[in-house]
1. Report, ordered by the first and then the second residue, all pairs with beta carbons closer than 6 Å, sequence separation of six or more or different chains, a first member in the stretch 108-126 that is within 16 Å of ALA149 (Cβ to Cβ), and a second member that is surrounded by fewer than 18 Cβ atoms within 10 Å (Cβ to Cβ).
2. So in the stretch 74-110, with the set limited to residues that are in contact with a Lys or Arg (Cβ under 9 Å, 6 or more places away or on another chain) and among the acidic types (Asp, Glu), which one is surrounded by the most Cβ atoms within 10 Å (Cβ to Cβ)?
3. Name the one entry in LEU79, LEU43 that is of a type in the set (A, V, I, L, M) and either without any contact (Cβ under 8 Å) to a residue 40 or more places away in the chain or farther than 24 Å from THR135 by Cα (or both).
4. Considering only residues that are modelled with pLDDT of 80 or more and part of a loop (DSSP other than H, G, I, E, B), look in the stretch 90-117 and name the one that is farthest from LEU35 (Cα to Cα).
5. Check the stretch 158-170 and report whether any residue there is more than 30 Å from GLN58 (Cβ to Cβ), surrounded by fewer than 19 Cβ atoms within 10 Å (Cβ to Cβ) and either among the polar types (S, T, N, Q) or at pLDDT 95 or above (or both).
6. Considering only the stretch 32-57, state which residues are part of a strand (DSSP E or B) and crowded, with 18+ Cβ neighbours inside 10 Å.
Amino acid sequence: MGFLAGLIPAAAALLALPFGARSRDDETNIRAVYLFHRNGDPLATVASDVALPLEPSQLEPVLGAVRGFVEADEVSSRLFQPTSERFGEEILVGIRGRFVSACVVFHGRADGILRRDLVRFIREFEDRNEGRLGTWEEATNLAGEASLAMVGLMDARSPSVPAATDFVMATN
């Protein structure tokens, strides 16, 4: 009985320790995802309903960083190369694609995983919709699909299926 009495607390302690694969959710708190057409006009924005809102004093630097990313010289920015900027505890990660650019504002430290997911999101979105992203007017027709894919990105799920498919977000 003595061995079993010592084994149970040890097993409970091991179960409580953070062993194994770490998910992005454990290390980041995504506040918002922004999608812009290559001309700089916004296409879609998704904000977190889980992350605490930014303090008013933090909002100006965040919006300034997003504006700076969007207005950056496209020629000097290489496609699919991550750009990041830290301001306080917040980080902005941006990726510029051929037709659209996306940036994520988050609180955390796992920007490597987030960068990979953001590059995948941009590539898949552009590959699916290449013929419909030429102008901002055409691209606005994809705002719904983009928003759903961005929610999937925030939830650490893979981006949504193409817009032609009807689907419903399911929860358990």
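The values are calculated or read from the model by the stated rules, or taken from the named source; none is laboratory data. Here the structure is a predicted model, which means the values were calculated and not measured. Here the Cβ is made from the backbone with ideal geometry for all residues, glycine too, and neighbour counts use every protein chain on show.
1. Listed pairs, sorted by first residue: VAL119/PHE80; GLU126/ARG98.
2. Step one: list which residues in the stretch 74-110 are in contact with a Lys or Arg (Cβ under 9 Å, 6 or more places away or on another chain), which gives 74, 77-84, 90-93, 95-102, 104-108, 110.
Subset that is among the acidic types (Asp, Glu): 74, 90.
Working: GLU74: 12, GLU90: 18.
Among those that are in contact with a Lys or Arg (Cβ under 9 Å, 6 or more places away or on another chain) and among the acidic types (Asp, Glu), it is GLU90.
3. Step by step, each of LEU79, LEU43 is checked, and only LEU79 is of a type in the set (A, V, I, L, M) and either without any contact (Cβ under 8 Å) to a residue 40 or more places away in the chain or farther than 24 Å from THR135 by Cα (or both).
4. Only one residue fits best here, namely ARG98.
5. Yes, the stretch 158-170 contains at least one residue that is more than 30 Å from GLN58 (Cβ to Cβ), surrounded by fewer than 19 Cβ atoms within 10 Å (Cβ to Cβ) and either among the polar types (S, T, N, Q) or at pLDDT 95 or above (or both).
6. Going residue by residue through the stretch 32-57, those that are part of a strand (DSSP E or B) are 32-37, 42-47.
Result: ALA32, VAL33, TYR34, LEU35, PHE36, HIS37, LEU43, ALA44, VAL46.
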